[in-house]
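Student: My questions will all concern the structure given below.
The values are calculated or read from the model by the stated rules, or taken from the named source; none is laboratory data. Keep in mind that what you see is a predicted model, and the values were worked out from it rather than measured. Cβ coordinates were reconstructed from backbone atoms using ideal geometry, including for glycine residues, and neighbour counts include every protein chain displayed. The area values use the complete protein model at the heavy-atom level, side chains included, leaving out ligands, DNA and RNA. Shrake-Rupley method; radii C 1.70, N 1.55, O 1.52, S 1.80 Å.
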Amino acid sequence: MADIKDYKIATLGSHTALQILKGAKDEGFKTVCICEKGREKPYISYDVADEIISINNFNEYFEIEEKLIKENSIVIPHGSFVAYIGAEKVKNIKAMHYGAKGILEWESNRTKERRWLLDAKIKLPKVFSTPDDIDCPVIIKFHGAKGGKGYFLANTPKEFYERYEEYKGKEGHEKYAIQEYIVGVPVYSHYFYSKITGELEVMGFDKRYESNADSIGRIAAKDQRDVGIRTTYTIAGNSPLVIRESLLPEIFAMGERVVEASKKLVDGGLFGPFCLEGVIDPELNYYVFEISARIVAGTNPYINGSPYTWLKYNEPMSTGRRLARDIKIAIESNQLEKVLG
Ligand code: AMP
Ligand code: AMP
């Protein structure tokens, strides 16, 4: 039988690295954390890494990749990979890589992403191809905006053009998407689909804690006006959430449809952790505005497991650990190539 002792689990030190590395250790793997110089402390303090490789900048990843390959390290992608290395370059990763690389292209391109989700019969906010068609509250999202920073809202074409003035001509603000703004509560659903077991699991839910969107309610409407506050959505952290139990059947069904639809997009389809990100309105419609085809940071509150993984596993099961278990079972049953992409 192939042995997990012949492999290591490696990831970049940020985003969800703590739970990925801890989960890998709990499953019996040796772990490697690739850190930016000066940012090693959490990985040392929480003792999740058997080895730390320090580089000046995450985009120097390719300079140390040879070492990872030599040592049979399996690289686990997360949000910082695309943010710091870039979606294009992620495709060039030569080390063993958990998850389907091809799918990243579908999640990072809004038009493709929309096609995928529509095919999976997911409810999406309306999009406007030109500001002149705006006839409801909308959110304007600049391409490549990091963590929701710099988005703005408008109600009419006139308002759009007035507010856009501020961004005109600024780098990174030429391209944007205009989406219907759904008034409701944000709900992020965490899934895990294993090709080894063929089962889709609901791992948990979170809501984001965004600055300043989540602080505006702390001051009176008059003060908001007087100070001229604009809503922004800079992510600062995540809070755990459970949803109405009666919504769970549809949550499962949505995940299953997304996995099914992905099989038409890339060879083998989507597998591993993924997340549907959206808003539930007062009529309980769940509008999804984004899919992440990898582990999301909203799973971080559940290093010791979520209420849902507790139901299923009866042992602490984070998404990071679930992923390591998938790899472990794959190795031990000689199917490792099934979880690599
Ligand atoms: P970081 O490593 O914290 O710089 O994050 C890398 C990427 O992941 C950035 O694009 C962030 O916006 C995104 N990100 C980081 N933390 C979170 C979080 N808690 N929730 C959602 N997105 C996040
Ligand atoms: P995104 O960069 O698409 O993940 O969006 C960042 C944040 O903007 C989300 O976490 C939501 O709080 C908010 N948001 C994005 N799209 C919408 C929408 N269509 N309706 C309501 N809120 C939204």
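Student: Scanning the range 215-241 for residues that are surrounded by 11 or more Cβ atoms within 10 Å (Cβ to Cβ) and farther than 30 Å from Ser14 by Cα, which turns out modelled with the lowest pLDDT?
Tutor: It comes out as Ile229.
Student: Name the residue that is surrounded by the most Cβ atoms within 10 Å (Cβ to Cβ), counting only residues in the range 277-299 that are assigned to a helix (DSSP H, G or I) and of a type in the set (Gly, Ala, Ser).
Tutor: Looking at residues that are assigned to a helix (DSSP H, G or I) and of a type in the set (Gly, Ala, Ser), I get Gly298.
Student: Please verify whether Arg115 is open to solvent by 30 Å² or more (accessible area, probe 1.4 Å), in contact (Cβ under 8 Å) with a residue 60 or more places away in the chain and either within 28 Å of Glu283 (Cα to Cα) or within 16 Å of ligand 1 (Cβ to nearest atom) (or both), treating the condition exactly as stated.
Tutor: no
Student: Sort through Ala100, Ala83, Ala87 and tell me the only one that's of a type outside the set (Asp, Glu), touching a Ser or Thr at 6+ places or on another chain (Cβ under 7 Å) and more than 18 Å from Gly320 (Cβ to Cβ).
Tutor: Ala87
Student: When you scan the range 119-231 for strands (runs of 3 or more DSSP E) that lie fully inside it, which ones turn up with 1 or more residues that are aliphatic (A, V, I, L, M) and either within 16 Å of ligand 1 (Cβ to nearest atom) or under 30 Å from Ala324 (Cα atoms) (or both)?
Tutor: 185-193, 200-212
Student: Right, Lys41: over 30 Å from Ala261 (Cβ atoms), more than 16 Å from ligand 2 (Cβ to nearest atom) and surrounded by fewer than 20 Cβ atoms within 10 Å (Cβ to Cβ) or not?
Tutor: Answer is yes for this residue.
Student: Under the condition of being in a helix (DSSP H, G or I) and within 15 Å of ligand 1 (Cβ to nearest atom), which residue from the range 39-80 is nearest to Asn300 (Cα to Cα)?
Tutor: Filtering the range 39-80 for residues that are in a helix (DSSP H, G or I) and within 15 Å of ligand 1 (Cβ to nearest atom), the one nearest to Asn300 (Cα to Cα) comes out as Gly79.
Student: Read through the list (1) in a loop (DSSP other than H, G, I, E, B); (2) open to solvent by 30 Å² or more (accessible area, probe 1.4 Å); (3) away from ligand 2 (no atom under 16 Å from the Cβ), then give the number of the only condition that Glu105 fails.
Tutor: Status for Glu105: all satisfied but (1).
Student: Next question, about the same structure. Mind listing whichever residues of the range 40-75 are farther than 19 Å from Asp26 by Cα and of a type in the set (D, E, K, R)?
Tutor: The answer is Glu40, Lys41, Glu60, Glu63, Glu65, Glu66, Lys67, Lys70, Glu71.
Student: Between a first residue in the range 301-330 that is in a loop (DSSP other than H, G, I, E, B) and β-branched (Val, Ile, Thr) and a second residue that is modelled with pLDDT of 95 or more and open to solvent by less than 10 Å² (accessible area, probe 1.4 Å), which pairs have beta carbons less than 6 Å apart while being 6 or more apart in sequence or on different chains?
Tutor: If the second residue must be modelled with pLDDT of 95 or more and open to solvent by less than 10 Å² (accessible area, probe 1.4 Å), the pairs left are Ile303/Gln19; Ile303/Ser318.
Student: Could you please find all residues in the range 39-84 being closer than 30 Å to His143 by Cβ, without any contact (Cβ under 8 Å) to a residue 24 or more places away in the chain and not polar (S, T, N, Q)?
Tutor: Correct list: Ile55, Glu60, Glu63.
Student: Which members of the range 251-309 meet the condition of being within 20 Å of Arg110 (Cβ to Cβ), in contact with a helix residue (DSSP H, G or I) (Cβ under 9 Å, 6 or more places away or on another chain) and within 16 Å of ligand 2 (Cβ to nearest atom)?
Tutor: Scanning the range 251-309 gives Phe274, Cys275, Leu276, Glu277, Tyr286, Val288, Glu290, Ile291, Ser292, Ala293, Arg294, Val296.
Student: Looking at this structure, is Pro157 open to solvent by less than 30 Å² (accessible area, probe 1.4 Å) and away from ligand 2 (no atom under 12 Å from the Cβ)?
Tutor: no
Student: Kindly indicate which of Lys207, Lys141, Lys175 is among the basic types (Lys, Arg), open to solvent by less than 70 Å² (accessible area, probe 1.4 Å) and within 22 Å of Glu113 (Cα to Cα).
Tutor: Lys141
Student: Given the conditions (1) surrounded by 15 or more Cβ atoms within 10 Å (Cβ to Cβ); (2) within 13 Å of ligand 2 (Cβ to nearest atom), which single one is not true for His190?
Tutor: The number of the failed condition is (2).
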